[in-house]
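Heads up, the thing below is written out as structure tokens.
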Amino acid sequence: MLVVAGIVGFPFIKTIYTSLFNAPLIAYTRKAEWVGFENFIYAFINPSFMGGVFHTIYFSLLSISLNILLGVLTAMLLNQKFFGRAFVRTLVILPWALPTVVNAVLWRWIYNPTYGALNALLTQLHIIQNYRDWLGSAGLSTMTMVVLADTWKNYPLVTILVLAGLQMIPKEIYEAVKVDGANWWNTFWRITLPGVRPALLVALVLKTIDGLRVFDIVYLMTAGGPASATKTISFYVYQEAFGFLRLGQASAFSVINVTIIFVFVIFYIKFIRSEGISG
Amino acid sequence: MNYRKNLFFSILLAMIITGISFAGGTKESTSGQKEKQPVKLSALFMKQASYSEQDVRNMTAEFEKENPLIGISLEFVSYEALHDKIIAAAASGSGYDVILIDVIWPAEFATQGILRDITKEIPKSMIDKVFSGAWDTVLYKDRYYGIPWILDTEYLFYNKEMLKKAGISAPPKTLNDLADQAKIIKNKGIVKYPIIWAWQQSENVFLNYVVLVAGFGGSFFDDNGNPLFNSGGGLKALQYMVQSLKDGVSNPASLQAISDDELRVFGSEQAAFALNWTYMYNIANTDSSQSKVVGQVGVEPTPGDGVNVQIASVNGSMGLGITQSSKNPKEALKYIEYLTSSSVEAKYANLSLPMWKSYYEDPSKWPKGQKPLINAAQLSFAKLYNRPMLAHYTQFSTIMQKYLQKALLNQMSPKDALDAAAKEVVQEKANK
């Protein structure tokens, strides 16, 4: 308890405290000045930061959906008996073992508008006529491409969790429902999904936290561009702290980020309790 | 029990005494003379453009050979991470002894107390021997916070073969010539997008914009600090950038490109023109492992509008500074004096040109095949245009980057984008 208070509680309370000051990052340049909730007001009236909140939520929702979808499908596939299953299971996990920086550089090359593999593939398949600038388009399309790169690396975690859940379901149940004449969809909906629900909820919580605090892949792939279309809350925290040296403002942004994560987590906990799910 | 207790305290005492004797800066030799102890410095550099990582490692190894009591631990990061790395180290109250600083940071680093004022250490005789633009890298309010090291500007690189194929006899003399020649090259089907820029939302896009502001004779602020960039040369510069994309002469990939991407695109025969730093010349023109255009690269000073400005040359110099937190400033000074010396700079003049005027007066010192670059450099160094020297430069640049890209993506007109940027710059200045 003391350790948790030391490594989580103290920094958390200190961040909340700092968010109420106009505090410089480098402490010996000037003293921190009490500003109350001014940093929070600035955050909520700042269209750039609010854009960052929107980008973060978009990234999280899309990323969670894709991770869960791909994770469940892959886990179901890997739960079947086939030749070389152990090898394929190892292969699927490989992207997850890659460092984010390697993944980001890899996908920057794949998306490169001049010599990227994606353009070459899609033009050869006659899906697109001309090479596209995948990371240079306005709106949400660039963020979508970042989510795809992130999903490729991270969905194996969901696969592993769901696969573990699938292996907990007794085979006899499947045999019994087969005898009863249940079709594939009914089996999936009434047996498989409830069986893996605890694993899915763990994956959901982890992916939500990952999504809402995303920074590294965005910083490495797009540097927040084009025209700030991929800047997330964490990006603004970083920019305020290390670019503008405004620790108070950065702390306020962090507190807002943690609050959003908190809301999602409370929702999940309530959901878990109402469903009476236990891990 | 008492025996154990005594033993414990005896060991503790011995450890403390040993620790004190090792912690001391000097130690008494048997002859009673004080001997200097080895000193370890840590230095932060960047790993793109200018001197290569290997060049810096070689220079440092040579320094360590000459100064066996000084060891240097080197760290390299990309330019984009350099500023934040320095800030993070300073905020922790420890970190590097020597740091590489860009020309836009002395104001910020001096006011934040990150850099040591070394004005007294710089001999007056040295100041006149170095190009004045280089000194801007380390100068803030008439105080010197380091020694300049890299004297650089963005040049116009062109593919001689492509120009020849297009029937163009001479490289562009004005910015309008550049656009016209690019259209000819495009229309003749020689290359789809003749110009590649570095317009990623980072310092890159702002820097390329500053080159064009200089070229169109624009300014950023008046004497009272009011924005001027949303009219005159500042507006013309952004209109030029947007128009070149609309005309299809600038590669849309420019919007996510940095200097190294420009080098790759130009070096793979996918562009006829590129604005880039000194280092591109030797790599693109001589290194066949990185370039398909070896022997075809021409270099000129970036042209201006040809009316008020003939040469548009942005100051992209960098210097070496000593941090306030350094515990060995004398040794750190010795190290940066070595790296910035005329002999070392002349020896490693392949990817970065020396800041010393004497180097340009003696062609016998120039590496083979470097003459076109040095000719362009001499013309450019005389006209270096500085980005605004602001204590809150990073905030200013960040705002500009966002609105420049909004205009380039056609989300806003150039005028609206620059007006919005000017408004936000004024608001930010008032806010914090």
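The values are calculated or read from the model by the stated rules, or taken from the named source; none is laboratory data. In this text, all values refer to a predicted model and were calculated from it rather than measured experimentally. Glycine also receives a Cβ, built like all others from the backbone with ideal geometry; neighbour counts cover every protein chain displayed.
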Quiz item: Among A:Gly6, A:Gly71, A:Gly51, which is within 14 Å of another protein chain (Cβ to nearest Cβ) and either of a type in the set (S, T, N, Q) or assigned to a helix (DSSP H, G or I) (or both)?
Solution: A:Gly51
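Listed here are the residues, each with its yes/no results for (1) modelled with pLDDT under 95; (2) loosely packed, with under 15 Cβ neighbours inside 10 Å.
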residue	(1), (2)
B:Lys124	yes, yes
B:Phe131	yes, no
B:Gln181	no, no
B:Ile185	no, no
B:Lys188	no, yes
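On the basis of being surrounded by fewer than 17 Cβ atoms within 10 Å (Cβ to Cβ) and either touching an Asp or Glu at 6+ places or on another chain (Cβ under 6 Å) or farther than 28 Å from B:Met400 by Cβ (or both), does A:Gly181 make the cut? Working first, answer last.
Numbers: surrounded by fewer than 17 Cβ atoms within 10 Å (Cβ to Cβ): yes; either touching an Asp or Glu at 6+ places or on another chain (Cβ under 6 Å) or farther than 28 Å from B:Met400 by Cβ (or both): yes.
So A:Gly181 passes the test.
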Self-check item: Of all residues in region B:213-268 being surrounded by 21 or more Cβ atoms within 10 Å (Cβ to Cβ) and acidic (Asp, Glu), the one that is farthest from B:Gly304 (Cα to Cα)
Solution: B:Asp261
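Can you spot a residue in region B:256-274 that is under 22 Å from the mean Cα position of the chain (by Cα) and more than 14 Å from chain A (Cβ to nearest Cβ)?
yes
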Quiz item: Tally time: how many residues in region A:17-35 are away from every other protein chain (no Cβ under 12 Å), under 13 Å from A:Gln249 (Cβ atoms) and outside any helix (DSSP H, G or I)?
Solution: 4
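Look through B:Arg57, B:Arg116 and report the one residue that is in the same structural domain as B:Ala346 (by TED's automatic domain parsing), modelled with pLDDT of 90 or more and either in contact with a helix residue (DSSP H, G or I) (Cβ under 8 Å, 6 or more places away or on another chain) or not charged (D, E, K, R) (or both).
Values: B:Arg57 fails: either in contact with a helix residue (DSSP H, G or I) (Cβ under 8 Å, 6 or more places away or on another chain) or not charged (D, E, K, R) (or both).
Selected residue: B:Arg116, the only one of B:Arg57, B:Arg116 that is in the same structural domain as B:Ala346 (by TED's automatic domain parsing), modelled with pLDDT of 90 or more and either in contact with a helix residue (DSSP H, G or I) (Cβ under 8 Å, 6 or more places away or on another chain) or not charged (D, E, K, R) (or both).
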Quiz prompt | Residues located in region B:273-293, provided they are surrounded by fewer than 17 Cβ atoms within 10 Å (Cβ to Cβ) and either over 17 Å from B:Lys368 (Cβ atoms) or of a type in the set (A, V, I, L, M) (or both) | solution = B:Ser289, B:Gln290, B:Lys292
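Which residue is nearest to B:Ala420 (Cα to Cα), if the candidates are limited to region A:33-56 and must be in contact (Cβ under 8 Å) with a residue 40 or more places away in the chain and among the β-branched types (Val, Ile, Thr)?
A:Val53
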Exercise. Please give the number of the condition B:Ser364 fails out of (1) in contact with a helix residue (DSSP H, G or I) (Cβ under 8 Å, 6 or more places away or on another chain); (2) more than 14 Å from every other protein chain (Cβ to nearest Cβ); (3) not in a loop (DSSP other than H, G, I, E, B).
Key: (1)
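For region A:204-279, list the helices (runs of 4 or more DSSP H) that sit wholly inside it and hold at least 3 residues that are closer than 30 Å to A:Ala32 by Cα; which are they? I'd like the intermediate steps shown before the answer.
On the way: elements: A:216-221, A:233-238, A:247-275.
Passing ranges, in order: A:233-238, A:247-275.
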Quiz item: Is it true that some residue in region A:234-241 is modelled with pLDDT of 95 or more, touching a Ser or Thr at 6+ places or on another chain (Cβ under 6 Å) and within 30 Å of A:Ala23 (Cα to Cα)?
Solution: yes
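Conditions (1) at pLDDT below 95; (2) away from chain B (no Cβ under 11 Å), marked per residue:
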position: A:Lys81; (1), (2): yes, yes
position: A:Arg85; (1), (2): yes, yes
position: A:Thr90; (1), (2): yes, yes
position: A:Leu94; (1), (2): yes, yes
position: A:Ala104; (1), (2): no, yes
position: A:Trp109; (1), (2): yes, no
position: A:Gly116; (1), (2): yes, no
position: A:Gly136; (1), (2): yes, no
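Residues are listed down the side, and each one gets a yes or a no for (1) on the phi > 0 side of the Ramachandran plot; (2) more than 10 Å from chain A (Cβ to nearest Cβ); (3) assigned to a helix (DSSP H, G or I):
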{"site": "B:Arg387", "(1), (2), (3)": "no, yes, no"}
{"site": "B:Thr394", "(1), (2), (3)": "no, no, yes"}
{"site": "B:Met400", "(1), (2), (3)": "no, yes, yes"}
{"site": "B:Gln405", "(1), (2), (3)": "no, no, yes"}
{"site": "B:Met412", "(1), (2), (3)": "no, no, no"}
{"site": "B:Leu418", "(1), (2), (3)": "no, yes, yes"}
{"site": "B:Lys423", "(1), (2), (3)": "no, yes, yes"}
{"site": "B:Val426", "(1), (2), (3)": "no, yes, yes"}
{"site": "B:Ala430", "(1), (2), (3)": "no, yes, yes"}
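Give the residue that is farthest from B:Gln243 (Cα to Cα), with candidates limited to residues of region B:352-408 that are of a type in the set (Val, Ile, Thr) and in contact (Cβ under 8 Å) with a residue 24 or more places away in the chain. Before the answer, list the steps.
Quick first cut of region B:352-408, residues of a type in the set (Val, Ile, Thr) only: B:374, B:394, B:398-399.
This time we only want the ones that are in contact (Cβ under 8 Å) with a residue 24 or more places away in the chain, so: B:394, B:399.
On the way: B:Thr394: 27, B:Ile399: 22 Å.
Going through the qualifying residues, I end up with B:Thr394.
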Quiz item: If you scan region B:370-390, which residues turn out to be in contact with a strand residue (DSSP E or B) (Cβ under 8 Å, 6 or more places away or on another chain), farther than 15 Å from B:Ala312 by Cα and among the basic types (Lys, Arg)?
Solution: none
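How many residues does region B:162-204 hold that are within 14 Å of chain A (Cβ to nearest Cβ) and of a type outside the set (Lys, Arg)? Steps first, please.
At the first step, the residues of region B:162-204 found to be within 14 Å of chain A (Cβ to nearest Cβ) are B:191-204.
Restricting the remaining residues to those that are of a type outside the set (Lys, Arg) gives B:191, B:193-204.
Of the residues in region B:162-204, 13 are within 14 Å of chain A (Cβ to nearest Cβ) and of a type outside the set (Lys, Arg).
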Exercise. Collect the residues in region B:92-108 that are facing chain A (nearest Cβ under 10 Å) and in contact with a helix residue (DSSP H, G or I) (Cβ under 8 Å, 6 or more places away or on another chain), keeping them in residue-number order.
Key: B:Glu108
Quiz item: Within the group B:Asn375, B:Asn410, B:Asn350, which residue is over 25 Å from B:Ser219 (Cβ atoms) and assigned by TED's automatic domain parsing to the domain that holds B:Glu300?
Solution: B:Asn410
Practice problem: Considering each of B:Lys383, B:Lys368, B:Lys423, B:Lys415 in turn, give the residue that is surrounded by fewer than 16 Cβ atoms within 10 Å (Cβ to Cβ) and closer than 17 Å to B:Val213 by Cα. | Solution: B:Lys415
